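Following: one structure in structure tokens, then a few remarks.
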Amino acid sequence: PHTKPNVSYATNYVFVIFTPFSPWQHPLVQNQTVTEGGTANMTCRVEYNDQTSLQWSNPAQQTLFFGDKKALRDNRIELVRASWSELTISISEVTLADEGMYTCSLFTMPVKTAKAYLTVLGVPEMPEIDGLTKPALEGDEITLTCMTHGSKPAADLRWFRNEKEIKGAKEVNASGKTFTVTSSLQLLVDRDDDGAAYTCKVDHVALLQTPQQATEVLEVHYAPRVVITNSLTFPQEGQYLKLECVSKGNPSPDPVMWTKDGGELPDLERMIVEGRELTFTTLNKTDNGTYRCEASNHLGTSSAEYLLYVYDPNAMGQHGPDHALIGGVVAVVVFVTLCLIIVLGRYLARHKGTYLTNEAKGADDAPDADTAIINAEGNTHAEEKKEYFI
């Protein structure tokens, strides 16, 4: 709770002397904003003052200073400058109780006053994140709650997942002159959340230089998933082959189990199991079969299979990809494409020539190209008819 400082009045008597009012005499002040715990400087100035006294009083209308005379016994309030044209005082270790309207009075006849409002910013406390269960299980629904107290005005809370901002639900509650701000974040836990850092940052005008934040790292337990990788695409007799059982789970599913065709590995001299790896030192046809890798933790079991077929090196040479045949097919396709292009070009050229010829035939008596073609076609039919009757 915020308490008012212990203050008392001095026993000195203050004699006020009023002077006739001049239109040029008027106190000038400015509103002030200070962070709780800081220092506020209150300044009152007058132009063309003819030795008229200035006075500062607090929101409770208690006189703080009359000229250079201190009227309120408060060790936090001190005189900075006192003259006929200026009266400046300072209030250190400002609290929320110091907020309010301060009055500067110029003792003319009548008294002239100016008011300045002192705004005190409440500094929000360090945020706290609640609701995190360690470890969380994949598929769980959890709610993270971030809370901060003591802000004035109300602070803003922002959520980040690995430095990427995400939106939360904000709630503000007044507590006296300050505010308690809460922001909630609902999560459906996934294995991708394992190791993710959730950060709650406080934004407030009083924290421009020293931002406040809290971070929690989420630990997620989930059942394993398994895949098998191999070192050879087409394994052949006599070659070296390595199969790796890549399993991901939390807790880590160690060790893994290898089987062949539903039973134990038949030849442990050539089939070496080291951790997650199954190594064949020298492949042969008897190694053909289905190899299974199985991994488990307390949340579940996962497995993957790999069908191994060992090729004969000689057969691979005979039945492998025939690059010469592929090249021949490509050449034939290219040749056919070129032939089609040539034929199409000749066809288009021939029709273009016919058009030009017909136009020339009818051009002598035609006003334009279209009429020339029509005339040319008519002449052609006439010639055909004439030739037919002969």
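Annotations
- Which numbered condition GLU269 fails, given (1) modelled with pLDDT under 95; (2) farther than 30 Å from LEU144 by Cα; (3) open to solvent by less than 70 Å² (accessible area, probe 1.4 Å): (3)
- Screening ASP193 with (1) over 26 Å from GLY139 (Cβ atoms); (2) modelled with pLDDT under 95; (3) surrounded by 12 or more Cβ atoms within 10 Å (Cβ to Cβ) gives one miss only, at (1).
- Candidate set: the range 60-116, residues that are of a type in the set (Phe, Trp, Tyr) and out of contact with any Leu (no Cβ under 7 Å at 6 or more places or on another chain); chosen: the one most open to solvent (accessible area, probe 1.4 Å): TRP84
- Filter result (in contact with an Asp or Glu (Cβ under 9 Å, 6 or more places away or on another chain), farther than 30 Å from ASP192 by Cα and loosely packed, with under 14 Cβ neighbours inside 10 Å) within the range 229-253: none
- Considering residues of the range 144-161 that are part of a strand (DSSP E or B) and of a type in the set (Gly, Ala, Ser) only, the residue least open to solvent (accessible area, probe 1.4 Å): SER151
- The set of residues from the range 206-239 being out of contact with any Leu (no Cβ under 7 Å at 6 or more places or on another chain) and charged (D, E, K, R) comprises GLU219, ARG225.
- Test: residue in the range 43-58 that is in a loop (DSSP other than H, G, I, E, B) and at pLDDT 95 or above: yes
- Meets criteria (among the β-branched types (Val, Ile, Thr) and modelled with pLDDT of 95 or more) for ILE91: yes
- In the set VAL172, VAL181, VAL202, only one residue is out of contact with any Gly (no Cβ under 7 Å at 6 or more places or on another chain) and open to solvent by 20 Å² or more (accessible area, probe 1.4 Å); that residue is VAL172.
- A residue that is over 13 Å from VAL310 (Cβ atoms), part of a strand (DSSP E or B) and not assigned by the TED database to the domain that holds ARG191 can be found somewhere in the range 279-289.
- When restricted to residues that are touching a residue at least 60 places away in the same chain (Cβ under 8 Å), surrounded by 16 or more Cβ atoms within 10 Å (Cβ to Cβ) and closer than 27 Å to LEU207 by Cα, the range 33-59 contains 5.
- Only one entry of LEU132, LEU28, LEU106 meets the criterion of being more than 28 Å from THR210 (Cα to Cα), in contact with an Asp or Glu (Cβ under 9 Å, 6 or more places away or on another chain) and of a type outside the set (D, E, K, R), and that entry is LEU28.
The values are calculated or read from the model by the stated rules, or taken from the named source; none is laboratory data. Remember, predicted model here, so these are calculated numbers, not experimental data. Virtual Cβ from ideal backbone geometry, glycine too; neighbours counted across all protein chains shown. Note: areas computed on protein heavy atoms with side chains; ligands, DNA, RNA excluded. Shrake-Rupley method; radii C 1.70, N 1.55, O 1.52, S 1.80 Å.
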